[in-house]
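For reference, the structure is listed below as structure tokens.
The values are calculated or read from the model by the stated rules, or taken from the named source; none is laboratory data. From a predicted model like this one, the values you see are computed outputs, not experimental measurements. Here the Cβ positions follow ideal geometry from the backbone for every residue, glycine too, while neighbour counts run over all protein chains shown.
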Amino acid sequence: MDKALADFVEMLRYSDVPVSISESVDAAETVRLFGYKDRGLLKTALAQVMAKTIEEQESFERCFDEFFSYQINPDLDPENTQEEAENPETSQTAESSPPPTAANDDEGQPSPASGGGEGGGGFSGEQSQGGATAPLIDLLERNDRTELTMAMTAAANAANLRNIVLMTQRGLYTRRIMEGMGLDQVNREISRRNQEGDAAGADRLSGRTELLFDAVRDMVERQLALTSSGKAKQFRQDILKNVRLSNVEHRDFKYMRLLVQRMAKRLTDMNSRVKKVKNRGHLDIRKTMRRNVAYDGILFETHWKQKHKDRPKVLAVCDVSGSVASVARFLLLFLYSLNEVLPKVRSFAFSGDLGEITAEFDRLGPEEAIPYAIDKYGGRSTDYGRALEDFKDLCLNDIDNRTTVIFLGDGRSNGADPRVDILKEIKLRAKRVIWLNPERKSIWGSGDSEMLRIAPYCTTAQTCNSLNKLELILRDLLKSN
Amino acid sequence: MTFIDKDPATAIDLIKEGFETAGYICDRHIATSIYLSQKLDKPILVEGPPGVGKTELAKAASEILSAPLIRLQCYEGLDESKALYEWKYGKQLLYTQILKEKLGDLLEDAVGLEQSMEKLHQFGDSFYSEKFLDARPLLQALQSKEKTVLLIDEIDKSDHEFEAYLLEILSDYQISVPEIGTIKAKTKPLVFLTSNNSREMSDALKRRCLHLYIPFPDASLERRIIQTRVPELEENLRNQLVSFVQQLRTQDLKKLPAVSETIDWARTLMLLHADKLDVDLVRNTLNMLLKFEEDIDNMSSEVPKFIAVARKEFR
């Protein structure tokens with residue numbers, strides 16, 4: 001697989017197109033078949049090999065256009081046909097006449113990403129300085145594209161181009177690379193020619209230098225696009241998963257929503273596959289026959305085809321009072337996402353009174369439903385006792401041995417009786433009761449926290465203050481299912 | 001088809017032409033994926049809204065490759081005994097009954113239980129051999145000596161388990177039957193899987209396939225499709241009709257009209273000897289395009305506007 005493609009694959013992976021190894025092997029084969037000559041065709045073909053959903057297709061197209069749009073091959077004299085600029089792998093392109101970008105991508109582009117940093121910038125910088133300065137004028141005069149590309153690459157390595165992270169570094173890196181290639185000498189040569197009255201020669205040289213500048217700038221931009229935007233996003237998501245829920249900034253809400261949705265989807269996918277064979281429906285002939293061979297073919301033991309999908313029934317109760325308001329947003333968001341993927345989730349919110357918000361979740365999007373829930377049920381001082389009483393009235397009869405009840409709250413009841421007796425009753429009926437508390441375990445029971453009284457009546461009571469924790473807890477639960 | 005040795009661009013044009021002669025007008029995307037799937041030996045997962053010609057694609061491919069089409073319609077509850085293979089239990093039982101008598105002859109000279117057993121073992125597992133194997137579509141496609149086109153239709157309707165059965169076929173073109181062993185494809189079939197995206201396919205499946213998304217066609221492509229499918233329709237009406245449908249697709253509808261509906265509508269208009277679109281005619285035949293009462297009600301008032309635009313475009 002050539003370097004350009006490898007870099008492209010890497011770029012895709014950072015842009016939410018998960019290209020597997022076998023897919024990249026296919027992509028290499030596709031590139032071998034099609035070559036870089038017909039860009040449109042290659043794009044169509046690669047898209048089918050690498051992007052497997054419509055969303056991925058969109059990302060793919062964006063990345064492809066971005067990746068192959070940079071004119072990093074300094075074609076100083078467009079009439080010249082290119083001769084030897086291609087890699088051996090892409091020999092098909094050899095017969096093709098210019099539109100050179102794609103053909104030469106694999107030449108100029110890979111090197112910044114490959115090996116760049118290790119050599120030690122200073123040393124190789126010296127080298128390229130020493131080696132490349134004198135001939136740059138020469139190269140420009142001759143328009144030797146291969147050599148120019150190589151010189152650019154070496155200079156880019158020397159300047160550690162692959163460490164570029166920020167947009168604002170573009171000018172700096174461009175300048176450094178140009179200087180590494182020997183810009184000073186060229187400038188001097190231009191002014192010398194001007195002084196000597198060779199205006200045409202000076203113009204030609206400066207024109208070509210300009211083109212080279214453009215090429216270098218493109219190379220820098222491409223490297224920036226290649227590494228930083230994807231990496232930055234990845235970085236941000238990793239951080240968000242671990243940051244405490246109460247500290248998440250409002251502007252990250254959108255990202256969090258995506259993350260939460262993905263988690264909820266994964267969890268339910270894992271969970272909804274559990275199936276039980278029922279004792280009715282269609283007869284499973286194959287299994288029945290197999291089972292009854294021992295009885296001389298008399299159908300003695302029956303097997304049935306119908307299977308029962310064991311979809312968990314979840315009742316989720318969320319505290320939306322002031323003390324947990326910042327966390328509540330995300331807990332509600334998580335509930336909402338669960339609601340989207342699990343058919344049988346009923347959600348409740350409370351601070352003083354408790355009410356069901358399932359219908360609002362169904363009807364409104366999370367942007368509206370969550371503020372609605374906080375607005376309607378939040379703002380009062382928490383009273384777990386009352387909330388549990390309301391909960392009992394509302395749905396105790398719906399709780400059976402397949403129901404999971406999740407409470408999200410800090411267990412601070414402002415001195416009111418938390419009515420653990422109701423909790424006990426719930427626990428007796430339900431399959432399990434989970435209590436997720438945003439506070440650390442060490443402060444449970446301090447002040448008005450009733451957690452120490454509550455915890456014994458829960459199947460598990462856990463600290464849950466980041467998305468990662470939330471996912472872990474739920475996954476453990478589902479596994480033990 | 002002799003496109004396989006040509007260089008890609010020529011081959012793709014050839015495929016396009018081939019499809020056109022088979023009455024299937026396609027764009028480059030589709031032709032590319034056929035070419036790629038032949039070159040890389042990969043199945044094609046075709047997605048797109050209903051009625052854009054996903055199933056037709058497989059049928060047309062079977063026609064131009066002159067390979068028989070084997071079709072497997074997926075549904076919830078489809079299992080391996082319907083899709084892969086099934087033992088012929090009736091035949092097995094019948095044979096055991098018939099052969100019961102023969103057993104005595106066979107074991108005649110055997111002395112004692114152990115020797116009889118020994119003797120029986122020599123006959124091998126004749127009841128679980130290929131003679132008793134009932135091949136279902138997937139196995140048929142593998143067993144066929146000539147090239148076949150295998151269409152696994154509406155894969156999204158099937159269960160997760162079924163998807164897992166498919167993985168072995170899709171990546172290695174083979175099936176493992178526990179009693180016999182692995183059955184490999186004699187000739188690798190061209191496999192199409194179609195999906196309406198009613199559920200997300202697993203990554204494992206997607207990874208093994210090329211992904212082809214067929215969107216609604218643009219106006220010029222749709223005109224060509226109608227021209228091929230309903231050649232009797234005169235040009236002016238065809239143009240207006242396509243323009244009308246294209247405008248409908250920009251509306252917020254429960255179900256957008258697809259190509260198949262455009263074709264049906266074109267046929268209807270032809271039967272009614274229409275020579276141009278007029279408001280009454282369109283209103284009366286709108287149910288060919290729109291499948292929900294609500295959509296028809298909403299669009300009914302927009303009809304004159306759309307017709308005016310269509311007429312303006314094509315006088």
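Scanning the range A:142-191 for residues that are outside any helix (DSSP H, G or I) and not β-branched (Val, Ile, Thr), we see that the one that is surrounded by the most Cβ atoms within 10 Å (Cβ to Cβ) is A:ALA159.
For (1) within 14 Å of A:CYS318 (Cα to Cα); (2) of a type in the set (D, E, K, R), each residue gets a yes or a no:
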| residue | (1), (2) |
| --- | --- |
| A:PHE407 | yes, no |
| A:GLY411 | yes, no |
| A:ASN414 | no, no |
| A:ARG429 | no, yes |
| A:ILE434 | yes, no |
| A:TRP444 | no, no |
| A:GLU450 | no, yes |
| A:CYS458 | no, no |
| A:CYS464 | yes, no |
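Kindly indicate whether A:THR93 is out of contact with any strand residue (DSSP E or B) (no Cβ under 6 Å at 6 or more places or on another chain), within 14 Å of chain B (Cβ to nearest Cβ), part of a helix (DSSP H, G or I) and modelled with pLDDT under 50. Yes; evaluated as a whole, the condition is true for this residue. Scanning the range B:251-267 for residues that are modelled with pLDDT of 90 or more and either of a type in the set (Asp, Glu) or more than 26 Å from the chain's Cα centre (by Cα) (or both) yields a total of 2.
Among the residues of the range A:339-370, those identified as farther than 16 Å from A:LYS313 by Cβ, modelled with pLDDT of 80 or more and not hydrophobic (A, V, I, L, M, F, W, C) are A:SER351, A:ASP353, A:GLY355, A:GLU360. Can you pull out every residue in the range A:22-39 that is in a helix (DSSP H, G or I) and more than 8 Å from chain B (Cβ to nearest Cβ)? A:SER24, A:VAL25, A:ALA27, A:ALA28, A:VAL31, A:ARG32, A:ARG39, listed by residue number. From the list B:LEU94, B:LEU84, B:LEU69, the one residue that fits, being under 10 Å from the mean Cα position of the chain (by Cα) and at pLDDT 80 or above, is B:LEU69.
Among the criteria (1) in contact with a helix residue (DSSP H, G or I) (Cβ under 6 Å, 6 or more places away or on another chain); (2) among the charged types (D, E, K, R); (3) within 10 Å of chain A (Cβ to nearest Cβ), the one B:GLU163 does not fulfil is (3). I'm checking my understanding of the structure. Among residues of the range B:232-249 that are without any contact (Cβ under 8 Å) to a residue 40 or more places away in the chain and in a helix (DSSP H, G or I), which one is surrounded by the fewest Cβ atoms within 10 Å (Cβ to Cβ)? My answer is B:GLU235.
Looking across the range A:1-19, the residues that are at pLDDT 80 or above and not small (Gly, Ala, Ser) come down to A:LEU5, A:ASP7, A:PHE8, A:VAL9, A:GLU10, A:MET11, A:LEU12, A:ARG13, A:VAL17, A:PRO18, A:VAL19. In the range B:186-215, of all residues being more than 20 Å from B:TYR35 (Cα to Cα) and away from every other protein chain (no Cβ under 13 Å), the one that is surrounded by the most Cβ atoms within 10 Å (Cβ to Cβ) corresponds to B:LYS186. Scanning the range A:29-41 for residues that are more than 25 Å from A:ARG217 (Cβ to Cβ) and surrounded by 17 or more Cβ atoms within 10 Å (Cβ to Cβ) turns up A:THR30, A:VAL31, A:LEU33, A:PHE34, A:GLY35, A:LYS37, A:ASP38, A:LEU41.
How many of the residues making up the range A:57-71 are more than 8 Å from every other protein chain (Cβ to nearest Cβ) and not in a loop (DSSP other than H, G, I, E, B)? Final tally of qualifying residues: 10. Mind listing whichever residues of the range B:1-31 are in contact with a Pro (Cβ under 9 Å, 6 or more places away or on another chain) and within 18 Å of B:SER62 (Cβ to Cβ)? Of everything in the range B:1-31, just one residue is in contact with a Pro (Cβ under 9 Å, 6 or more places away or on another chain) and within 18 Å of B:SER62 (Cβ to Cβ), namely B:ILE25. Taking the range B:250-315 as the region of interest, the helices (runs of 4 or more DSSP H) fully inside it that hold 3 or more residues being of a type in the set (Val, Ile, Thr) and under 21 Å from B:GLN227 (Cα atoms) are B:259-271.
Could you say whether any residue in the range A:398-420 is among the basic types (Lys, Arg), under 31 Å from the mean Cα position of the chain (by Cα) and assigned by TED's automatic domain parsing to the domain that holds A:GLY447? Scanning the range A:398-420, I find no residue that is among the basic types (Lys, Arg), under 31 Å from the mean Cα position of the chain (by Cα) and assigned by TED's automatic domain parsing to the domain that holds A:GLY447, so the answer is no. Of the residues making up the range B:216-224, not a single one is among the aliphatic types (A, V, I, L, M) and surrounded by 18 or more Cβ atoms within 10 Å (Cβ to Cβ). On inspection, B:GLU154 fails the criterion of being charged (D, E, K, R) and surrounded by fewer than 18 Cβ atoms within 10 Å (Cβ to Cβ).
For the range B:257-270, the count of residues that are over 22 Å from B:PRO304 (Cβ atoms), aliphatic (A, V, I, L, M) and touching a Leu at 6+ places or on another chain (Cβ under 6 Å) is at least one. Considering the range B:177-223, the qualifying strands (runs of 3 or more DSSP E), each wholly inside and each with 3 or more residues that are in contact (Cβ under 8 Å) with a residue 60 or more places away in the chain and more than 20 Å from B:TYR75 (Cα to Cα), run over B:210-213. At least 2 residues being within 11 Å of chain A (Cβ to nearest Cβ) is the threshold, and among the helices (runs of 4 or more DSSP H) wholly inside the range B:1-118 those reaching it are B:8-21, B:28-40, B:80-83, B:89-106. Checking each residue in the range A:1-21 for being facing chain B (nearest Cβ under 9 Å) and under 18 Å from A:ARG62 (Cα atoms) picks out only A:PRO18.
For A:ARG204, the requirement of being surrounded by 15 or more Cβ atoms within 10 Å (Cβ to Cβ) and under 19 Å from A:LEU224 (Cβ atoms) is not met.
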